[in-house]
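In what follows, a single structure is set out as structure tokens and then discussed.
The values are calculated or read from the model by the stated rules, or taken from the named source; none is laboratory data. Note that the structure is predicted; figures quoted are calculated from it, not measured. Please note: Cβ atoms are built from the backbone with ideal geometry, for glycine as well, and neighbour counts cover all protein chains shown.
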Amino acid sequence: MKIVNYYAICFVIHRLLEFLSEVPMKVQYKRLWKLLIDKDLTKRDLARLAHVSGGTLTKMSRGENVSVDILMRICEALDCGLEDIIEFLPDREISGN
């Protein structure tokens, strides 16, 4: 895994999320769930590897927002990028879920 400035990445993601909060969009974690399947991992495995709670994973299962720190811990644990676990969609594309 490349060594990157963790705080710079968090700052950029935070600014992006601030911007997106003004646009009617939803976060979707289908990419994360698919990645877990591809890596033959369970949500319980993810919780242990990334040091996140079951409640956080429940929030993610419901499509709710979680902190940038949690997203970065998940990316580090799965050795992937943010684009590999989340997707931002306009509200109208998710309304069927």
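So here's what we get for this one:
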read-out: Residues of the stretch 55-77 classified as more than 21 Å from H14 (Cβ to Cβ) and either assigned to a helix (DSSP H, G or I) or in contact with an Asp or Glu (Cβ under 6 Å, 6 or more places away or on another chain) (or both), total; value: 4
read-out: Matching residues in the stretch 37-58 - criterion: being crowded, with 17+ Cβ neighbours inside 10 Å and aliphatic (A, V, I, L, M); value: L46, A47, A50, V52, L57
read-out: Which numbered condition D69 fails, given (1) closer than 15 Å to I86 by Cα; (2) at pLDDT below 85; value: (2)
read-out: The lone exception for R73 - which of (1) in contact (Cβ under 8 Å) with a residue 40 or more places away in the chain; (2) among the charged types (D, E, K, R); (3) in contact with a helix residue (DSSP H, G or I) (Cβ under 6 Å, 6 or more places away or on another chain) it fails; value: (1)
read-out: Of the criteria (1) part of a helix (DSSP H, G or I); (2) within 27 Å of F11 (Cα to Cα); (3) hydrophobic (A, V, I, L, M, F, W, C), which one V52 fails; value: (1)
